[in-house]
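The values are calculated or read from the model by the stated rules, or taken from the named source; none is laboratory data. Bear in mind that the values here come from a model prediction, so they are computed numbers and not experimental data. Counting neighbours? That spans all protein chains shown, and the Cβs are built from the backbone with ideal geometry, glycine included. Just so you know, the surface numbers come from the protein's heavy atoms only, side chains and all, with ligands and any DNA or RNA stripped out. Shrake-Rupley method; radii C 1.70, N 1.55, O 1.52, S 1.80 Å.
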Amino acid sequence: MLRSHNLGELNLSDINKEVTLCGWVHKTRDLGGMTFVDLRDRYGITQLAFNIETNEELCKNARSLGREYVIQISGKVIERSSKNPNISTGEIEIDVTELKILNKSKTPPFTIENQTDGGEELRMKYRYLDIRRDPVKNNLLLRNRLSLETRKYLDSIDFVEVETPYLIKSTPEGARDFIVPSRMNEGQFYALPQSPQTFKQLLMVGGIDKYYQIVKCFRDEDLRADRQPEFTQIDCEMSFIDQEDILETFEGLTKHLLKEINGVETEKFPRITYDDAIAQYGTDKPDIRFDMKLCELTDISQNNDFSVFNQSEIVVGINVKNCANYSRKQIDSLIDFVKTPQVGAAGLVYCKFNEDGSSKSSVDKFFDENARNKWKEKANCENGDLLLIMSGEKEKTRKALGILRLKIAEDLELRNPKDFAPLWVIDFPLLEWDEESNRFHAMHHPFTAPKDEDISKIESDPKGVRANAYDLVLNGNEIGGGSIRIHNKELQKTMLHHLGFSDSEAKEQFGFLMDAFEYGAPPHGGIAFGFDRLCAILGGDESIRDFIAFPKNNSGRDIMIDSPSNIDNSQLDELNIKTI
Ligand code: ASP
């Protein structure tokens with residue numbers, strides 16, 4: 001070993017010990033007679049002291065050390081005169097007797113500090129330097145603990161981790177596949193898994209009744225800020241269970257993680273149906289850390305001359321508590337916000353219920369005191385509250401108000417990342433209509449079972465068929481989703497037929513799964529958690545990027561290794577890919 005201790009462990013109990021330490025030069029301070037160097041490694045920072053009186057040569061060498069030089073020193077642990085209570089080694093320093101430079105360093109392109117001066121792209125290009133910074137390093141340590149705790153918990157209830165292949169054929173999870181050409185099978189391609197969905201179902205047929213895997217998945221989607229083309233799931237499947245068993249089991253896992261990682265004890269997770277979530281929050285992933293539910297006002301808003309409301313399918317409001325004192329400017333900025341493309345609404349009506357009992361709205365011409373008081377009652381407003389109202393087509397209006405609800409909560413600091421509010425959303429629709437392809441898509445995926453009591457509606461009212469599908473939502477983010485699966489060949493065939501697959505397409509793509517269903521497939525179901533996002537939320541952050549050691553940028557590029565990149569013509573020839 002090149003070192004006797006790490007840089008986070010020495011303290012007063014080690015006084016007078018002779019030690020050898022290694023690390024990176026964090027900072028050098030030259031105070032004339034004394035030179036101090038902060039030496040850093042993964043574990044912390046230890047102060048090195050060089051005294052010009054006792055060893056001039058050594059002290060000079062210390063002064064010439066550049067930032068991020070890698071050095072090895074030997075010396076004695078002594079008590080510090082000016083102590084630093086903020087770090088674990090803050091009461092001691094090392095009286096250095098030997099110094100060796102193990103490697104020099106160029107000046108880093110950004111400062112290796114908690115608050116760095118480096119921009120996002122620069123930090124990604126030099127990710128190995130970024131990882132030296134505490135915030136990124138700590139996120140990786142948290143990720144490690146999260147995967148360990150997941151394994152510990154699932155192992156304790158008899159789950160088995162099984163690896164499934166990465167070179168497979170397409171699984172439809174609603175995104176585009178990444179494709180890998182096969183050299184040995186000319187003109188043919190593998191797809192990288194969007195998830196191990198079909199394999200985990202086959203493991204159920206294979207009798208592995210409790211499976212999990214912390215696994216990479218690949219989806220070739222246009223990237224939003226918090227998506228990565230390759231991401232990690234905690235992927236799980238169980239046999240001989242119903243929906244209730246899955247919800248119980250994975251509520252257990254989530255509780256365990258919240259307790260171990262965040263020290264938070266959670267009550268039984270509330271449940272809401274998909275329809276109620278949309279009606280009450282305008283989204284299928286409600287943030288329930290705060291209330292501000294959507295309240296439908298249609299019936300009491302349409303019996304007068306205000307044509308905007310009269311022509312609307314729905315009139316709906318949110319009660320913003322204690323905000324009747326919002327200024328004109330604050331209200332205008334909300335109106336501007338709802339008109340941005342992100343929200344896409346035409347406008348916003350407001351009604352202030354003042355402390356003195358009077359009220360004032362932006363549509364007083366049409367809604368007198370009496371009418372405004374009806375709103376007040378229906379929306380449970382009290383004096384001092386602000387009612388914001390939107391109207392239009394049902395789905396769009398609810399969605400828009402749902403976005404406004406989040407924005408206001410953000411402004412009012414109601415979204416505290418240290419609060420955790422988990423929620424199950426259940427009873428998702430089985431199918432959703434896709435305008436572009438003009439046909440139904442599976443809302444979850446084609447292997448999801450419809451509810452028994454709804455199967456008969458599949459021809460007459462396909463939109464009304466509910467699935468045994470569920471999402472786990474945490475603080476307004478979907479962190480997990482799954483379903484009870486179809487395990488019967490005929491039903492799977494019918495389902496694929498409804499999704500527009502011809503018999504031969506269904507056989508060609510999913511014949512292997514349907515064949516397996518003929519050999520005693522047990523009833524089964526499962527769930528997958530987005531592991532990167534789970535790390536981010538438990539780490540108190542919204543963005544997943546800093547919880548991934550080597551993430552890609554918004555164009556799907558790894559700018560550190562410069563990938564994707566061109567390949568040689570000879571490689572293309574081998575793969576039988578014609579050069580353009
Ligand atoms: N395979 C699904 C997904 O990736 C999860 C599941 O149904 O278990 O979303």
query: What number of residues in the range 296-330 are of a type in the set (S, T, N, Q), surrounded by fewer than 12 Cβ atoms within 10 Å (Cβ to Cβ) and either in contact with a Leu (Cβ under 6 Å, 6 or more places away or on another chain) or closer than 23 Å to residue 412 by Cβ (or both)?
result: 2
- prompt: How about the range 217-252: which of its residues are touching an Asp or Glu at 6+ places or on another chain (Cβ under 8 Å) and within 12 Å of the ligand (Cβ to nearest atom)?
  reply: 217, 218, 219, 231, 232, 238
- prompt: Of 534, 513, which residue is part of a helix (DSSP H, G or I), within 16 Å of the ligand (Cβ to nearest atom) and touching a Gly at 6+ places or on another chain (Cβ under 9 Å)?
  reply: 534
message: Report every pair of residues separated by at least 6 positions or lying on different chains whose Cβ atoms are under 7 Å apart, first residue within the range 389-400 and over 10 Å from residue 344 (Cβ atoms) and open to solvent by less than 10 Å² (accessible area, probe 1.4 Å), second aliphatic (A, V, I, L, M) and in a helix (DSSP H, G or I).
response: 390/400; 390/401
query: Would a scan of the range 479-495 turn up a residue that is open to solvent by 10 Å² or more (accessible area, probe 1.4 Å), touching a helix residue (DSSP H, G or I) at 6+ places or on another chain (Cβ under 7 Å), in a loop (DSSP other than H, G, I, E, B) and more than 17 Å from residue 286 (Cα to Cα)?
result: yes
- request: Find all pairs meeting these conditions: Cβ atoms under 8 angstrom apart; at least six residues apart or on different chains; first residue within the range 165-194 and under 30 Å from residue 433 (Cβ atoms); second residue part of a loop (DSSP other than H, G, I, E, B) and away from the ligand (no atom under 16 Å from the Cβ).
  value: 192/167
message: Looking only at residues that are among the basic types (Lys, Arg) and assigned to a strand (DSSP E or B) in the range 180-225, which one is least open to solvent (accessible area, probe 1.4 Å)?
response: 210
statement: If we take the range 384-435, then strands (runs of 3 or more DSSP E) inside it with 1 or more residues that are over 19 Å from the mean Cα position of the chain (by Cα) and under 26 Å from residue 446 (Cα atoms) are 422-426, 431-434
Residue check for residue 214: away from the ligand (no atom under 13 Å from the Cβ) and either polar (S, T, N, Q) or over 22 Å from the mean Cα position of the chain (by Cα) (or both): no
Every residue from the range 78-122 that is basic (Lys, Arg), open to solvent by 30 Å² or more (accessible area, probe 1.4 Å) and not in a strand (DSSP E or B): 83, 104, 106
